[in-house]
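These notes concern the structure reproduced below.
Quick note: the coordinates plus some simple rules give every number you see, no bench work behind them. This one's a predicted model, so the numbers in the text were calculated from it and none came from an experiment. Positions of Cβ are generated from backbone atoms using ideal geometry, with glycine treated the same way; all protein chains shown enter the neighbour counts.
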Amino acid sequence: MYQIPIWFNVTGHEPTDCSNISQGSDNGVYWIFANNRCRTVYCDLTAGGWMVIQRRLDGSEDFYRDWADYKKGFGNVSGEYWLGNDNIFNILNGKSCSLRFDIENVDGKSRYAQYETFKIADESDDYRLTLSGYNGTAGDAMMDTSSQLSGQPFSTKDRDNDNWSGWHCTDYVNAGWWYAKESSYMYGRCTFVNPNGKYYKELWRFISTLVSTGIHGQIHT
Ligand SMILES: [Ca+2]
């Protein structure tokens with residue numbers, strides 16, 4: 001069941017992302033209006049308005065996909081999905097934005113990693129990633145000195161932008177993602193963060209990747 005704020009069709013002031021959803025609403029799928037179109041997204045409203053750009057629940061969705069799929073998005077917002085790089089760019093473009101990863105292990109323990117600044121470029125610059133300002137309980141694996149992902153372009157199974165000559169990180173991790181520069185080869189890997197990779201229930205697993213443009217609370221776990 002998609003949840004539509006009562007005032008959605010009454011006032012004409014549609015939410016442009018999850019930070020506009022009225023306080024006290026439940027987590028769930030909401031309509032938002034951005035870049036001249038309506039779309040549905042999953043909103044996590046437990047600590048402010050977070051828009052889920054990526055979600056894993058049970059491994060049912062195939063995330064080892066090509067550039068066109070990651071560009072437009074795939075899956076189902078009620079289940080597992082990638083919102084789409086064009087959608088992420090268009091919804092967030094020009095806004096100050098934070099990024100959060102939620103992970104959980106088999107015992108139900110959860111951790112998070114949050115970055116105060118998150119930005120991606122448009123397709124002409126291969127959705128290049130900008131991150132800064134880590135805090136959280138999961139560790140700063142996105143900006144590890146041996147696997148720095150901020151500043152890197154996006155890669156998929158059919159588009160190798162990882163700069164590792166003779167090696168395609170996407171084939172190694174089975175996911176579309178941002179990958180570190182080859183210069184870190186001696187001590188690093190393609191990425192220490194792989195939310196779109198193969199789904200393993202027995203390990204720490206990614207639940208959601210979320211973004212927020214509003215004022216949001218800290219996650220305490
Ligand atoms: Ca390569």
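As an exercise, use a Förster radius of 25 Å and the Cβ-Cβ distance of residue 109 and residue 26 to find the FRET efficiency, rounded to the nearest 0.05. The calculated FRET efficiency here is 0.55. For the range 68-122, what class follows from the C-alpha gyration tensor (a ≥ b ≥ c being the square roots of its eigenvalues): rounded when a/c is under 1.5, otherwise prolate if a/b is larger than b/c, else oblate? It is oblate, given that a/c is not under 1.5 and a/b is not larger than b/c. Cysteine residues of the chain whose C-beta has no other cysteine C-beta under 4.7 angstrom: 38, 97. Legend: calculated FRET efficiency, residue 174 to residue 121, from the Cβ-Cβ distance at R0 = 25 Å, rounded to 0.05, equals 0.55.
Distance between the 7 Å Cα→Cβ label points at residue 158 and residue 200: 2.9 nm.
Checking the table 95/201; 71/109; 109/181; 71/198 against a 27 Å threshold on Cα-Cα, which pairs fail? From the list (95/201; 71/109; 109/181; 71/198), the Cα-Cα distance tops 27 Å for 95/201; 71/109; 109/181. With the helix formula -39500 (n - 2.57) applied to DSSP H stretches of n ≥ 4, the chain reaches a computed 222 nm mean residue ellipticity of -2500 deg cm²/dmol. Taking every alpha-carbon pair under 8 Å whose residues sit at least 6 apart, the chain reaches a relative contact order of 22 percent.
How high is the FRET efficiency from residue 165 to residue 93, r the C-beta distance, R0 41 Å, rounded to 0.05? Before the final figure, lay out the partial values.
Values: r = 32 Å, r/R0 = 0.79.
Approximately 0.80, to the nearest 0.05.
Once you order the gyration tensor axes a ≥ b ≥ c over the Cα atoms, which shape class does the range 53-209 get: rounded for a/c under 1.5, otherwise prolate or oblate by comparing a/b with b/c? Rounded, because the longest to shortest axis ratio a/c is under 1.5.
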